[in-house]
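Take a look at the structure below.
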Amino acid sequence: MSVSLAEQLRGRLPYPFETIAVAVTFSSRYKVVIKEAARLARIHRSKLILIYVGVLDEQQKQKMTRCVKECHIKEKYFTIISMKGAVVNTILKICKQNVVDLLVLGALKKESVIKHYVGSVARKISRKAKCSVLLMPNPKDRPQTFNKIAVSAVDLPKTPLTMTTAVYIANQENSDVLHVVSEEYIPMFESAYADCSTDVELDNRKAEFAEQCKLRTRKLLDEIPGSSAINIKKRVIFGKPGHSIHVFAKSCKPDLLLVNSPKKHLGLLDRLFPHDLEYLLEDLPCNLLIVHSRGF
Amino acid sequence: MVKLGHHDIIVFLIALGLILIIARLFAELFNQFKLPSVLGEIIAGVLLGPSVLGFFWPESFEYLFPFIAHPEFTSTIPVQYAMDSMINISVIMLLFVAGMEVQLPLVIEQGKVALSTTFFSMLIPIAVGYLGVHFLPDLFMATDGDVGLVGFFIGVVLSITALPVIARILIDMKLFKTRIGMTIIASAMLIDLLGWLIFSVLLSVIEGGSSGVDLTYTLVSIILFGGFMLTIGTRLIDKSLPWVQTKFAWPGGVLALSFGLCFLGAAFTESIGIHSILGAFIVGIAFGESANLRDRTREIIHQFITNVFAPIFFVSIGLYVNFVENFNFSLIAILLVLAYSSKILGARIGAGLGGLSKKDAWTVGVSMNTHGVLEIILGSLAMSVGLINEEVFVAIVVLVVVSIITSAPMIKRTINK
C-alpha cells in the first residue's frame with residue numbers, strides 16, 4: 001500500500017537531511033548558492049535537487065549540471081526539476097512532492113522597506129515552507145564548514161527538535177562550538193515589580209528566571225543523543241524572542257543560527273508588529289536555518 | 001497672570017513633600033503584607049484627607065492643605081492650579097506607562113483565544129453595567145438624560161483588567177508563560193487598548209457639546225493618529241532608540257525623548273477634542289513596542305513614574321474625596337456583584353469558545369476579574385467631567401481594592417480545584 005505524501009511528511013524528523021533542494025535563479029550568485037548546497041549534500045550524503053521555476057533550456061541545464069559536477073557530486077545523486085508557475089508556490093510544491101528535508105536559498109541580508117512588507121521570494125518561502133529552510137545571505141565560492149553554530153532555546157514545544165537538529169548538524173560538521181541560547185522574555189516584568197521591589201529583589205528574581213532556563217536547557221541537552229561529543233556553551237539572554245537572538249548573533253557572529261519555524265502562518269500584520277522570526281528575517285545576521293518540526 | 005506667591009510656594013512644596021513621603025511609607029507597609037503600593041497610597045490619601053485628618057484634626061488639615069480645606073479662598077487658587085497641573089501630568093504619565101505595557105505582537109500571537117476572551121470579557125460587563133444603571137438609575141445617581149452614558153461608563157470600568165496586578169500574580173504563581181497566562185495577558189492588553197479608546201470617545205461625547213468639536217473629525221483624527229503611531233511611529237522610535245541610547249547621555253537622553261513624545265502625543269489628542277490621556281497611552285504603546293528599548297531604561301521609566309507621579313495622583317484621590325461621607329454600602333455591594341459576575345462569566349465564555357478547556361477557561365475568567373489603577377483613573381476623570389458623583393467614585397475605588405485583595409486567592413483556588 002502506498003503512503004500518501006502528507007503521511008510521509010507528518011511526523012518526519014527534521015533530520016537527517018536525506019533530500020536537500022536548492023532554488024536556482026541564474027542570478028549573479030547562483031553558482032555559489034549551488035556550491036553551498038552541494039557541500040551540505042556531500043556532508044549529509046543527501047540527494048540534491050536543483051529547482052528552477054520556468055522553462056529550462058538545454059544550455060541552462062548544462063550550466064547547472066556543470067556547476068554541481070564541479071562540486072564532485074555524481075550525476076546519479078542530483079536531479080534538476082523545472083516547472084512553470086508562481087515562484088513561491090511552485091518551489092513549495094516541488095519540495096512537498098519530493099519530500100525535501102532542507103531547502104537552501106540565497107537571500108539578501110536586508111531588503112528595502114517596501115520589499116520587506118510585500119515579501120521577497122526567500123522570505124515568503126521561509127514563512128510558508130513545510131520543510132526546514134536555510135537562508136544564506138553570504139554564500140561563499142569556497143564553502144566552509146559551520147564551525148560556530150548557535151541555536152535558539154526559547155521555551156516553546158518545538159525547541160527540543162530544533163536543538164536536536166543543531167546537535168546533529170554540529171556533529172556532522174565537526175563544529176568547534178555550539179552556543180545554546182535561551183531567550184527569556186517576561187513582558188510586564190518591570191511594571192509588575194516597579195512599585196515594590198528593591199534592586200536586589202529584582203536582580204534575584206531575574207537570576208531565578210535565568211537559573212530555571214539553564215536547568216531546562218540542561219535537561220533538554222541531557223536527553224539529546226550526541227550532545228556530549230560537542231563543545232556546548234549555554235547562555236541565557238533577556239529580551240524579546242527573535243530580537244534578542246538577533247542581537248546575540250550580530251555580536252557572536254556564528255556561521256549558522258538555528259531557530260524554530262513559526263508557530264503559525266506569518267502575515268503582513270506580523271511584519272507590522274514584528275515578533276520572533278520576523279526580527280531575523282528583517283535583517284539576516286548570518287546563515288539562518290529555520291527548522292520545521294513537521295507536526296511533532 | 002496668576003503666579004504662585006511666596007506663601008503659596010511653601011504650601012505647595014509642603015503638600016508635595018508630605019504626599020510623597022507618607023505615600024511611600026504606606027506603600028512600604030502594604031508591601032510587607034504583599035499588597036500593591038497603590039493600596040497604601042490611596043489609604044495615605046484617605047488618612048491625610050477630609051475623611052480622617054480633616055474630620056478629627058480639622059485645624060491640622062487646614063494648615064497643611066488649605067487649598068483643599070478652603071478652595072473658595074482666592075489666595076489659595078494658584079496652589080490649586082499648581083496641584084491640578086501636577087495631578088494632570090501624573091495621570092498622563094501613568095497612561096504613558098500603561099501604554100508601554102501593551103504589546104500588540106503578543107496579542108496577535110495569541111490569536112483566536114485572546115480575541116474571543118477579549119470580546120466576551122468586554123461585551124458582557126459593558127452590557128451588565130449598562131443594564132445595571134438602566135434598572136437602578138437612582139443608586140448610580142444617573143439623571144434621565146445621562147443614564148446611557150453612565151451605564152456605558154460603568155460597563156467599561158467593569159470590563160477592564162489590571163495588567164500589572166495580574167502579571168505579578170501570574171509570575172509569582174509560575175503561570176505567566178503557560179497558555180492560560182499568555183491568554184490572560186494578551187486579552188488584558190487588548191482590553192486596555194479598547195477600553196481607553198471607548199472611554200476617550202465617551203469623554204469627547206460628554207465634552208463635545210461644550211467645546212464644539214465635531215465628533216466625526218475627532219474620530220477620523222484619532223484613527224489616523226493611532227494608525228500612524230502604531231505603524232510608522234513605532235518603527236521610527238524603534239530605529240532611533242539605539243542611536244539615542246548610545247549617542248545621548250544615558251538615561252537622560254532616552255527619558256527626555258520618551259516624556260517629550262508622551263507630552264506631544266497628549267497635546268495632539270487634546271487639541272483634536274479627545275482627552276490628552278489617549279495620546280499619552282498611544283505614544284506609550286509605540287514606545288514600549290520597541291525591541292531596542294533597553295530593559296534598564298524601561299525599568300527606570302517605570303520606577304520614576306510609579307514612585308513619583310503615581311503617589312501624587314493616588315494620594316490626591318483621598319485628599320479630594322471624603323471616603324466616609326460618600327461610602328454607600330448598597331451601591332458598593334451592587335457594583336461588586338455586577339463586576340464579579342459579569343467579568344468572570346464573560347472571560348470564561350470567551351476563553352471556552354477560544355478553545356481552552358473548561359477548567360482553564362474558569363481560571364482565565366477568575367484571573368481577568370482583577371481591577372486596578374486604570375479603573376481609578378477612569379473614575380476620577382469621569383468624576384471631573386461630572387459623569388459620576390463622589391459616591392460612585394468611592395464605590396469604584398472599593399471595587400478595585402477588594403478585587404486586588406481577592407484575586408490571588410481566587411486564582412489559586414480555581415487552579416487547585
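Does segment A:244-257 contain at least one residue that is at pLDDT below 90, in contact with a strand residue (DSSP E or B) (Cβ under 8 Å, 6 or more places away or on another chain) and within 13 Å of another protein chain (Cβ to nearest Cβ)? No, segment A:244-257 contains no residue that is at pLDDT below 90, in contact with a strand residue (DSSP E or B) (Cβ under 8 Å, 6 or more places away or on another chain) and within 13 Å of another protein chain (Cβ to nearest Cβ). Out of B:ILE223, B:ILE185, one residue alone is crowded, with 19+ Cβ neighbours inside 10 Å and either of a type in the set (Phe, Trp, Tyr) or part of a helix (DSSP H, G or I) (or both). It is B:ILE185.
When segment B:316-347 is filtered for residues that are touching a Phe, Trp or Tyr at 6+ places or on another chain (Cβ under 9 Å), surrounded by 19 or more Cβ atoms within 10 Å (Cβ to Cβ) and within 30 Å of B:GLY17 (Cβ to Cβ), the ones remaining, listed by number, are B:ILE317, B:LEU319, B:VAL321. When each of A:LEU284, A:LEU277 is tested for being within 20 Å of the chain's Cα centre (by Cα), crowded, with 16+ Cβ neighbours inside 10 Å, within 14 Å of chain B (Cβ to nearest Cβ) and touching a residue at least 60 places away in the same chain (Cβ under 8 Å), the lone residue that passes is A:LEU277. Of the helices (runs of 4 or more DSSP H) lying entirely inside segment B:43-134, the ones with 3 or more residues being touching a Cys at 6+ places or on another chain (Cβ under 8 Å), closer than 22 Å to B:ALA23 by Cβ and of a type outside the set (Ser, Thr, Tyr) are found at B:77-101. Number of residues in segment A:205-232 that are loosely packed, with under 12 Cβ neighbours inside 10 Å and either under 29 Å from B:ILE184 (Cβ atoms) or at the interface with chain B (Cβ under 9 Å from one of its Cβ atoms) (or both): the value is 5. Tell me, yes or no, whether segment A:167-182 has at least one residue that is on the phi > 0 side of the Ramachandran plot, at pLDDT 85 or above and not assigned by TED's automatic domain parsing to the domain that holds A:VAL22. Among the residues of segment A:167-182, at least one is on the phi > 0 side of the Ramachandran plot, at pLDDT 85 or above and not assigned by TED's automatic domain parsing to the domain that holds A:VAL22, which makes the answer yes.
The residues of segment A:48-88 that are surrounded by 14 or more Cβ atoms within 10 Å (Cβ to Cβ) and assigned to a helix (DSSP H, G or I), listed by number, are A:GLN60, A:LYS61, A:LYS63, A:MET64, A:THR65, A:CYS67, A:VAL68, A:TYR77, A:VAL87, A:VAL88.
Quick check on segment B:201-211. Is at least one of its residues under 24 Å from the mean Cα position of the chain (by Cα) and either modelled with pLDDT of 85 or more or farther than 22 Å from B:LEU374 by Cβ (or both)? Working first, answer last.
The initial filter retains those residues of segment B:201-211 that are under 24 Å from the mean Cα position of the chain (by Cα), namely B:201-208.
Checking which are either modelled with pLDDT of 85 or more or farther than 22 Å from B:LEU374 by Cβ (or both) leaves us with B:208.
Yes, the conditions are met somewhere in segment B:201-211.
Going through (1) away from chain A (no Cβ under 14 Å); (2) at pLDDT 90 or above one by one, B:GLU270 falls short only on (2). Only one of the numbered conditions (1) within 11 Å of chain A (Cβ to nearest Cβ); (2) modelled with pLDDT of 85 or more is not met by B:LEU163, and that is (2).
Residues in segment B:229-241: is at least one touching a Ser or Thr at 6+ places or on another chain (Cβ under 7 Å), within 14 Å of chain A (Cβ to nearest Cβ), closer than 21 Å to B:LEU293 by Cβ and part of a loop (DSSP other than H, G, I, E, B)? Among the residues of segment B:229-241, not one is touching a Ser or Thr at 6+ places or on another chain (Cβ under 7 Å), within 14 Å of chain A (Cβ to nearest Cβ), closer than 21 Å to B:LEU293 by Cβ and part of a loop (DSSP other than H, G, I, E, B), which makes the answer no. Tell me yes or no: at least one residue of segment B:285-294 is at pLDDT 90 or above, within 30 Å of A:ASP283 (Cβ to Cβ), more than 14 Å from chain A (Cβ to nearest Cβ) and assigned to a helix (DSSP H, G or I). Scanning segment B:285-294 turns up no residue that is at pLDDT 90 or above, within 30 Å of A:ASP283 (Cβ to Cβ), more than 14 Å from chain A (Cβ to nearest Cβ) and assigned to a helix (DSSP H, G or I). Answer yes if at least one residue in segment A:166-187 is within 14 Å of chain B (Cβ to nearest Cβ) and without any contact (Cβ under 8 Å) to a residue 12 or more places away in the chain, and no otherwise. Checked against the condition, which is being within 14 Å of chain B (Cβ to nearest Cβ) and without any contact (Cβ under 8 Å) to a residue 12 or more places away in the chain, segment A:166-187 yields at least one hit. Restricting attention to segment A:256-272, the residues that are over 21 Å from A:LEU102 (Cβ atoms), among the hydrophobic types (A, V, I, L, M, F, W, C) and in contact (Cβ under 8 Å) with a residue 40 or more places away in the chain add up to 2.
The values are calculated or read from the model by the stated rules, or taken from the named source; none is laboratory data. All of these numbers come straight from a predicted model, not from anything done at the bench. Cβ coordinates were reconstructed from backbone atoms using ideal geometry, including for glycine residues, and neighbour counts include every protein chain displayed.
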